[in-house]
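Presented below is the structure to which this report refers.
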Amino acid sequence: MDKAKTLLITILIIFLGFVVIGLTFFAKFRPPPSTTITPSPSQESAADLSQNRVYLKVIFADGNEISYEKELNPEGSLSTFDLLKEALDNNQVPYETKSYDFGIFVKSINGFESGADKSWIYFVNGQGGQIAADQYKLKAKDVVEWKYITPTQ
């Protein structure tokens, strides 16, 4: 009888260990929160865009998005990276970057890491960025999209 109890307790402890490990593992890979702060500019006509505002949408691989908009300062020195950083900070979304001679590279956003298969790439008014995100200065009515996509050759 004692052997049966010991065996049952051992099996129960092992099972609980697997449950804890499984929950810990899956918690790391849960999708980012679907947060929308403002309506997406793509759903608005160009005439509706405010004169001195810029618009941002961060599009995750799983379809979740973060939308954000900001009034441009008079100096107009806001970069695509500045806008992204502010939106992520305001939404408490973790991200990692790395500085290079040519500018800042976005390594990851909310656990989605840049690599050979997929990277964080920005677009302004539908056009892919030609310079580093911290070098591109935004103008009024610009619509910025950061997408987690396969880089093109």
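Any read-out appearing in this document is the output of simple, stated calculations on the displayed coordinates, not a laboratory observation. Here the structure is a predicted model, which is why all the values come from computation and not from measurement. Positions of Cβ are generated from backbone atoms using ideal geometry, with glycine treated the same way; all protein chains shown enter the neighbour counts.
For every other residue with a beta carbon closer than 12 angstrom to the beta carbon of Asn90, add +1 if it is Lys or Arg and -1 if Asp or Glu, then tell me the sum.
The answer is -1.
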With each pseudo-label sitting 7 Å past Cα toward Cβ, what's the Ser99-Asn64 distance in nm, one decimal?
3.0
Run the reach check for Lys118 against aspartates and glutamates, Cα to Cα strictly under 14 Å, same-chain hits fewer than 8 apart removed. What comes back?
Asp62
Suppose each label sits 7 Å from its Cα in the direction of the beta carbon; what would the Asn73-Thr6 distance come out to in nanometres?
7.1
For the stretch 35-149, go through all pairs of different Cα atoms, get the mean of 1/r, take its inverse, and jot down that Kirkwood value in Å.
14.3
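Starting from the Cα-Cα distance between Gln135 and Asn52, subtract it from 0.36 nm times their residue separation and give me the gain in nm to one decimal.
So the chain would gain 27.9 nm between Gln135 and Asn52.
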